Amino acid sequence: TDISRIRNFSIIAHIDHGKSTLADRLIQATGGLTAREMSEQVLDNMEIEKERGITIKAQTVRLDYRAQDGLDYVLNLMDTPGHVDFAYEVSRSLAACEGALLVVDAAQGVEAQTLANVYQSIEHDHEIVPVINKIDLPSAEPERVKAQIEEVIGLDASNAVLASAKSGIGIGDVLEAIVTRIPAPKGDATAPLKAMLVDSWYDAYLGVVILVRIIDGVLKKGMQIKFMAGDSVHLTDRVGAFRPKIEQRGELGPGEIGFITAQIKEVAQARVGDTITDAKRPANAALPGFKEVQPVVFCGLFPTDAADFEKLRESIYKLKLNDASFSFEMETSAALGFGFRCGFLGLLHLEIIQERLSREYDLDLITTAPSVVYEVHLNNGEMLELHNPADMPDPVAIDHIKEPWIEAVIFVPDEYLGSVLKLCQDRRGIQKNLTYVGGRAQLTYELPLNEVVFDFYDRLKSISRGYASFDYHQIGHREGDLVKMTVLVNSELVDALSMIVHRDAAEARGRHMCERMKDLIPRHLFKIPIQAAIGGRVIARETIAALRKDVTAKCYGGDISRKRKLLDKQKEGKKRMRQYGSVEIPQEAFIAALRMG
Ligand code: GDP
Ligand code: MG
C-alpha cells in the first residue's frame, strides 16, 4: 500500500457520546459490512462491553475509501478503551495513529473523560478533528459545544464536523476530514522491521492474536520475529487485517496496522507496547515508552460455596489467558476458606473480572474489601509493597507507610457542587482548582486512591444524580497516618474483615462495621461481643444479646407462616455458616459487611 494513502486514526469520546455508533457508520459507509450485519455494534464485541456501553479492548478496522479527489485511501480506524483503568492501552493505541476524531455529544458537551483522552492525543502530536455528534437531538447545541471545545480544550473548533451517527448525517464529511486533515504516516520500507505491539488477545481458533502498527520495514508471513522487551522469537504464521472480518495478507508495510498470529499460547507473552523486529535483521533500538502495567487494586475472591474452589481456579486461569494485566495468587482465609488474591488495573477492571466470573463461569463469589498497594517502610530501611492487610508487619517494626494518591478531574453541574466538594473533603481530598465552564464546575482534586476504591464513584454518581463525570491518574505515593483495623467476634479475629484505613477514619469505619455485624450475626445462647481494634486497642464495640428460648414467639408473635419462613431460612443458612470459635457467622454477614465499603 502506498504510504501516502494511509490514514490511521482513533476515535476519542466520553462514554455514550457515540463513538461506537460512529465507528459502525464509517464501516458501513465504506462497504465493510452490509446493513444486516450492522444490526449488532461491531466494535463492542464482548457481552459486558455491550451492556455497560464501554469498550475494553482496542480493536481496529481497515477500511477502503475512494475520496472526492478520486483517489483510493486505506483508513485504519482504531477503537480505544474508554476507561481510565486502561489508560496505558489507550496510550499505545494513540501512539499507533496520526490523528483522532474527537466526538462530543452536541447536547452534553465536553466531559471529564473527553478531556483526559484529548490531552493524551495532543501529547501524541495528533491532528484532532472535532466531530459534534447527535445534532439530530432537539436539545443539541452545536454552537455552544464548539465554543466549549475552544474554551475548555483550547482546540480550534471552527471547522468541526456536525454529525448524527445515529441518523447518518455528516458521515461523508467525517470521511473527507479524515483524508484531508489527518496526515499520512511516515516510515522506511527498507529499514529493519520495527513494529509496535498495540494489543493482544486470545482467540479460541487463532490462539493469541497480535495487533501491530508497522513503523519501519515489512512484516511478512513466515518471518522469524523477535519481541524486544519479551526477548522471545516466534514464527509468524498469519498476517492480515480486520475489515472487520479477518482478511489474510502476505505482508504489512510501513504505516500499516494489522494483525499477526505466531503460535503464541498466552497473551502474557505478547505484551502491549513491546517492539517487534526481524529476528534475522533486528532493529538496533526498541520503540520508546514500553511499560509493564502493574495492578493497583487488590482484593480476595472466594467462592461462596467452598466446593466451587476448583471451578474458580479453572475459570481464573482461563480469564488470565486473555488478560495479561490481571494477576492472582492463592489465598486462604479462616473466614472465607480457599480463594485467590487478585490484582486489577482499577475498580472497573475488578468489576469486569468479577462479573465475567459470575456470569460466564456461573460462580457465586465473595469479594473482600479492595485494597490499594501501600509502601511500608520498615525501621531497618527496607520497603515492602503491601497489597493484603493480612500481611501487615508488626507496627513496632514500621517507620512509616506511604499510600498512592491520584489527581481527579470532576465535571459537575452547579447545583450539585456543594455535595461533591463535601464528598471530596470527607475523603481527605485536597482541592487544587475550581473553574466554571458554562454552568458547570470543573474541579481538580488530589485524593488518596484508598478513599476512591471505597465506593467513591458510586457516591459521586448518586449525589449528582448521574451528572458528574470523573477521571483520574496516579500521582505517586505519599506518607499517611495509616493503620490496620481488625474485627473480632467473640474475641476471635475475623481475617476477611481486616482493612487498612486512615487513623482519623478508623473509628467511624469500625463503629459502622460493628453495627453491621451485630445486625447480621444471629443470636446465640450466649452473649457475643463484636469489636473493632487497632493493634490491641478497641475502638468500637457492640454486643449481641444472648438468645432467649422463646425468641421466635417474641419476635414474630403468632404469625405462623413468618415463623416457618424464618426457620426454613435458618435451615438453609446452616449450610452457609462459618464457625468462628464457638460462634456461627452466616456467609451473608461477610458479604453484606464487605459490600458497605
Ligand atoms: P459510545 O459509548 O461513545 O461508544 O456511545 P455509543 O455509540 O454506544 O452511543 C451511546 C448512545 O447514544 C446509544 O444509545 C446510541 O444509539 C446513541 N447515539 C449515538 N449517536 C447518536 C446520534 O447521533 N444521535 C442520537 N440521538 N443518538 C445517538
Ligand atoms: Mg462504545
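The values are calculated or read from the model by the stated rules, or taken from the named source; none is laboratory data. It should be emphasised that the depicted structure is a prediction, and the values quoted were computed from it without experimental measurement. Positions of Cβ are backbone-derived with ideal geometry, glycine not excepted, and every protein chain shown enters the neighbour counts.
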Restricting region 239-276 to residues that are under 18 Å from residue 322 (Cβ atoms) and among the charged types (D, E, K, R), the residue that is surrounded by the most Cβ atoms within 10 Å (Cβ to Cβ):
274
Among residues of region 71-108 being closer than 23 Å to residue 163 by Cα and out of contact with any strand residue (DSSP E or B) (no Cβ under 8 Å at 6 or more places or on another chain), the residue nearest to ligand 2 (Cβ to nearest atom) is 81
Yes or no: region 464-477 includes at least one residue that is over 22 Å from the mean Cα position of the chain (by Cα) and modelled with pLDDT of 90 or more.
no
Filter result for residue 282 (on the phi < 0 side of the Ramachandran plot, in contact with a strand residue (DSSP E or B) (Cβ under 8 Å, 6 or more places away or on another chain) and at pLDDT 95 or above):
yes
Any idea which residue in region 101-112 is surrounded by the fewest Cβ atoms within 10 Å (Cβ to Cβ), counting only those that are within 22 Å of the chain's Cα centre (by Cα) and either within 24 Å of residue 170 (Cα to Cα) or at pLDDT 90 or above (or both)?
111
Among the residues of region 448-476, how many are under 23 Å from residue 437 (Cβ atoms) and crowded, with 21+ Cβ neighbours inside 10 Å?
8
When the residues of region 195-207 are filtered to those that are under 17 Å from residue 94 (Cα atoms) and not small (Gly, Ala, Ser), which remaining residue is nearest to the chain's Cα centre (by Cα)?
199
Only one residue in 423, 350 is closer than 26 Å to residue 323 by Cβ and surrounded by 15 or more Cβ atoms within 10 Å (Cβ to Cβ), so which one is that?
350
Which of the numbered conditions does residue 289 fail, given that it passes all the others? Conditions: (1) out of contact with any Gly (no Cβ under 9 Å at 6 or more places or on another chain); (2) in a loop (DSSP other than H, G, I, E, B); (3) touching a residue at least 12 places away in the same chain (Cβ under 8 Å).
(1)
Take region 141-159 and flag every residue that is more than 30 Å from the chain's Cα centre (by Cα) and within 14 Å of ligand 1 (Cβ to nearest atom).
141, 142
Could you grab the pairs with beta carbons closer than 8 Å, sequence gap of 6+ or different chains, first residue in region 463-480 and closer than 19 Å to residue 117 by Cα, second one modelled with pLDDT under 85 and surrounded by fewer than 17 Cβ atoms within 10 Å (Cβ to Cβ)?
468/461; 470/457
Looking only at residues that are over 35 Å from the mean Cα position of the chain (by Cα) and of a type in the set (D, E, K, R) in region 519-549, which one is surrounded by the most Cβ atoms within 10 Å (Cβ to Cβ)?
542
Out of (1) over 25 Å from residue 296 (Cβ atoms); (2) touching a Leu at 6+ places or on another chain (Cβ under 8 Å); (3) of a type in the set (D, E, K, R), the one residue 440 does not meet is (2)
Which residues, taken from region 6-18, are near ligand 1 (Cβ under 6 Å from one of its atoms) and at pLDDT below 90?
13, 15, 16
In region 160-185, what count of residues is obtained for those that are over 24 Å from residue 95 (Cβ atoms), touching a residue at least 60 places away in the same chain (Cβ under 8 Å), within 16 Å of ligand 1 (Cβ to nearest atom) and part of a helix (DSSP H, G or I)?
2
Is at least one residue of region 331-339 aromatic (Phe, Trp, Tyr), crowded, with 21+ Cβ neighbours inside 10 Å and assigned to a strand (DSSP E or B)?
no
With the checklist (1) touching a Leu at 6+ places or on another chain (Cβ under 8 Å); (2) surrounded by 17 or more Cβ atoms within 10 Å (Cβ to Cβ) in hand, flag the one item residue 213 doesn't pass.
(1)
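To keep it simple, each residue is scored yes or no on (1) of a type in the set (Val, Ile, Thr); (2) modelled with pLDDT of 95 or more; (3) in contact with a Ser or Thr (Cβ under 9 Å, 6 or more places away or on another chain).
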position	(1), (2), (3)
120	no, no, yes
148	no, no, no
163	no, yes, no
174	yes, yes, no
Can you find, within region 413-453, the residue that is nearest to residue 107 (Cα to Cα) among those that are of a type in the set (Val, Ile, Thr) and modelled with pLDDT under 90?
437
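For residue 304, state whether it is more than 30 Å from residue 476 (Cβ to Cβ) and in contact with a Lys or Arg (Cβ under 8 Å, 6 or more places away or on another chain).
The answer is yes for residue 304.
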Yes or no: residue 327 touching a Cys at 6+ places or on another chain (Cβ under 9 Å), of a type in the set (Gly, Ala, Ser) and surrounded by fewer than 21 Cβ atoms within 10 Å (Cβ to Cβ)?
yes
